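**Q** The structure is given below, and queries will be raised subsequently.
The values are calculated or read from the model by the stated rules, or taken from the named source; none is laboratory data. Computed from a predicted structure; not experimentally measured. Cβ: placed from backbone, ideal geometry, glycine included. Neighbour counts: every protein chain shown. Surface accessibility is based on the protein's heavy atoms, side chains included, excluding ligands, DNA and RNA. Shrake-Rupley method; radii C 1.70, N 1.55, O 1.52, S 1.80 Å.
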Amino acid sequence: EVTLSGDARMGIVSADSGPAYFDSRARVSFSLAGESDSGFTFGASFRADNAGDAADGTAGSVWIEGAFGKLSMGDNDSAAQAVVGQVSGVGYTGLWDHNEISYLGDESTSALYTYSNGGLTVALSVGQQGLVDAWSRDLNEASIAASYAMDGFKVSIGYETGYDETENPDAWWVLKSWDHQTTIGADATFGAFTLKARYATADGRDYYCVCGWVDVGAAERTQMALSADYAMDALTVTAFATQSDISSALNNTVHSDRYGLGVAYDLGGGAALKAGYAHVKETGLNNWNPSRFEYSHSDWDLGLTFSF
C-alpha cells in the first residue's frame, strides 16, 4: 500500500526584528506499508523533496513493527528526543523552533527501537558507528529513554552519548562539543489545559581555533523549557519559555532566554489559521578577552496551514 499526502502553508513572516516578507511552501509525502504472512508490519516514509537522500538512508525512514516493538532505520531522532520530546511551539512556520531544547542529534543513518506496553514506553537508538570528523573526534552516538503515562500525566527520561556542537554567538573561533546529556520531562493535562516541562544537562569540551581546533577545557550546559496550551473548541492558545546556560573555560557564562506566544484556529478540512510571536535574548562574558556581548531579536508570523 502506498499513500500520498501533503502539506502547504502561506503567510507573512518577520525574522530577526526585520521587515516582513511573504512566505509559502508546498510538500508531498509518501507512506509505504505492508504486512508479512507471519503478521508483522513493515513500511517506509519520505518526502518528495528528500527522495535522493531517502535513497541513501539519510532522510526518511524504513521500519518493521510487531509484538516485539518497532525498529526503524534512517533519519531518526535519538531515543531521548523520540520519547521525551519538546514543549509546544508557536506560529505557522514554527518560528525557528525557539521553544526547543537541543538534543545530541545525528547526521547519518541511525537505528531506533521502541517498545510500548500499557503506559510504559522504552527506546534505544544507535547512530552509525566508526565515524570521525576532520579532527579525528569520535562521532558515535547512542541513547536510551523511557516514559510512563497514566490518567493525563506523563514522566520521561533520556540519556545520550555522542557529539553535538554549539557555536559561540560572539566569536566563530570558539566552539563547544557536547558529549553526554540527560533530559527529563513531565506533561500534565487538566481539562482544557496542557502543561509541559523539560530539563536537560550536558557536559562536553571547549575548543579554540588556532590553525585547528584545540581542546582547552571542560564545558557544561543546562536547558529548561516550559509551555502551556489552552484549547477551547477550534481555538488553541500557546505560550512557552525556554532558558539555557553554558559555562566553560573560554566563556564564564552564555545565558539565553526565549519566550513566545501563539494562537491557532482550526478552520476544518485540514486548514488552520495560525499566528505567533517569539523573542530571543542572549548574553555572555568571554574570559579570554575579557568582553561582554549581548544581542536580542524578535520574530513573528501570520498565515494559513493546510494538510492533505
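**Q** Quick check, is Ser147 at pLDDT 95 or above and either over 30 Å from Phe306 (Cβ atoms) or touching a helix residue (DSSP H, G or I) at 6+ places or on another chain (Cβ under 9 Å) (or both)?
**A** yes
**Q** Here are the criteria: (1) closer than 30 Å to Ala239 by Cβ; (2) crowded, with 17+ Cβ neighbours inside 10 Å. Tell me which single one Tyr21 does not satisfy.
**A** The one condition Tyr21 does not meet is (2).
**Q** Is one or more of the residues making up segment 18-35 of a type in the set (A, V, I, L, M), under 28 Å from His279 (Cβ atoms) and touching a helix residue (DSSP H, G or I) at 6+ places or on another chain (Cβ under 9 Å)?
**A** no
**Q** Additional query: Just give me the residues in segment 70-81 being crowded, with 22+ Cβ neighbours inside 10 Å and either among the aromatic types (Phe, Trp, Tyr) or closer than 27 Å to Lys274 by Cα (or both), in sequence order.
**A** Gln81 - this is the single residue of segment 70-81 that is crowded, with 22+ Cβ neighbours inside 10 Å and either among the aromatic types (Phe, Trp, Tyr) or closer than 27 Å to Lys274 by Cα (or both).
**Q** Among all residue pairs at least 6 apart or on different chains, which show Cβ distances below 9 Å where the first residue, located in segment 43-55, is surrounded by fewer than 18 Cβ atoms within 10 Å (Cβ to Cβ) and the second is part of a helix (DSSP H, G or I) and not polar (S, T, N, Q)?
**A** Within 9 Å, the pairs are Arg47/Ala54.
Yes/no per residue for (1) more than 21 Å from the chain's Cα centre (by Cα); (2) modelled with pLDDT of 95 or more; (3) open to solvent by less than 50 Å² (accessible area, probe 1.4 Å):
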site	(1), (2), (3)
Phe190	yes, yes, no
Ala197	no, yes, yes
Thr201	no, yes, no
Gln223	no, yes, yes
Met232	yes, yes, no
Leu250	yes, no, yes
Gly284	yes, no, yes
Gly303	yes, yes, yes
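**Q** Follow-up. Is one or more of the residues making up segment 256-275 farther than 27 Å from Arg27 by Cβ, open to solvent by less than 20 Å² (accessible area, probe 1.4 Å) and hydroxyl-bearing (Ser, Thr, Tyr)?
**A** Looking for residues that are farther than 27 Å from Arg27 by Cβ, open to solvent by less than 20 Å² (accessible area, probe 1.4 Å) and hydroxyl-bearing (Ser, Thr, Tyr), one finds at least one in segment 256-275, hence yes.
**Q** Which one is nearest to the chain's Cα centre (by Cα), of the residues in segment 3-18 that are touching a residue at least 40 places away in the same chain (Cβ under 8 Å) and open to solvent by 60 Å² or more (accessible area, probe 1.4 Å)?
**A** Asp16
**Q** So is Ser227 in contact (Cβ under 8 Å) with a residue 12 or more places away in the chain, within 16 Å of Ile101 (Cβ to Cβ) and crowded, with 19+ Cβ neighbours inside 10 Å or not?
**A** yes
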